[in-house]
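Engineer: Before anything else, here's the structure in question.
The values are calculated or read from the model by the stated rules, or taken from the named source; none is laboratory data. Values in this document were obtained by computation on a predicted structure and should not be read as measured data. Note that each Cβ is placed from the backbone with ideal geometry, even for glycine, and that neighbours are counted across all protein chains shown.
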Amino acid sequence: MSERAVPFYCPYCGEEDLRPAEQTDKVPHGAWYCAGCLRTFVCRFIGIGVPEVTR
């Protein structure tokens, strides 16, 4: 999948000034940079459904 899921706000500070981060050795593909708190983060989809419970 080559498209990014676009976040509407920073999960850390709530700022809406987000920019795609350039991929480097330390920054993975699909990362976002927040100009408000200067953090770089990745939004990752895990799955759909109810998780299995191990007993």
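Engineer: Select from segment 30-49 the residues that are surrounded by fewer than 12 Cβ atoms within 10 Å (Cβ to Cβ) and at pLDDT below 95 and list them in ascending order.
Structural biologist: ARG44, PHE45, ILE46, GLY47, ILE48, GLY49
One line per residue, one yes/no per condition, for (1) assigned to a loop (DSSP other than H, G, I, E, B); (2) among the β-branched types (Val, Ile, Thr):
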| residue | (1), (2) |
| --- | --- |
| VAL6 | yes, yes |
| TYR9 | yes, no |
| THR24 | yes, yes |
| GLY36 | yes, no |
| PHE41 | no, no |
| ILE46 | yes, yes |
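Engineer: Could you grab me the full set of residues in segment 20-42 that are out of contact with any strand residue (DSSP E or B) (no Cβ under 8 Å at 6 or more places or on another chain), of a type in the set (A, V, I, L, M, F, W, C) and more than 12 Å from TYR9 (Cα to Cα)?
Structural biologist: So in segment 20-42, the residues out of contact with any strand residue (DSSP E or B) (no Cβ under 8 Å at 6 or more places or on another chain) come out as 22, 24-26, 29, 36-38.
Filter again for of a type in the set (A, V, I, L, M, F, W, C), leaving 37-38.
The answer is LEU38, and nothing else.
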